[in-house]
Amino acid sequence: MNLITHALNTSRSVSGSFPVSLTIRPACGLPGEYIFSTDNTSLLRMLHRQTDLPESVLEKFETTLLATSNAKLLAVELNDQTLTQIGYFVD
């Protein structure tokens, strides 16, 4: 899955949470885009727990998210249970 974030609040700080919109899109080009509202802290917690992404990738993603209003993670493997928990319908 491709994960694309958009910060919903322009006043962000390293120490606090802020709302983000997470767009989830199949990496293979199939239809199925889904938008999930969350916050940066919850999103990062989920990525740490539910993916096998290296810490360096997650740190770079977090730094980008804090510095800009958009951050992307491409071709992330999310299991069906995680996708279902966030509301992405898996058939």
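The values are calculated or read from the model by the stated rules, or taken from the named source; none is laboratory data. Keep in mind that this is a model prediction, so the values were computed, not measured. When we count neighbours, we look across all protein chains shown, and the Cβ atoms used for this are built from the backbone with ideal geometry, even at glycine. Remember, those area values only see protein heavy atoms, side chains included, never the ligands or the DNA or RNA. Shrake-Rupley method; radii C 1.70, N 1.55, O 1.52, S 1.80 Å.
Structural size metrics of the range 52-91, computed from C-alpha coordinates, are Rg and Dmax of 12.4, 36 Å. Computed over protein heavy atoms with a 1.4 Å probe, the accessible surface of the chain works out to 61 Å² per residue. If R0 is 41 Å, the Cβ-Cβ spacing of Leu58 and Phe89 corresponds to a FRET efficiency of close to 0.95.
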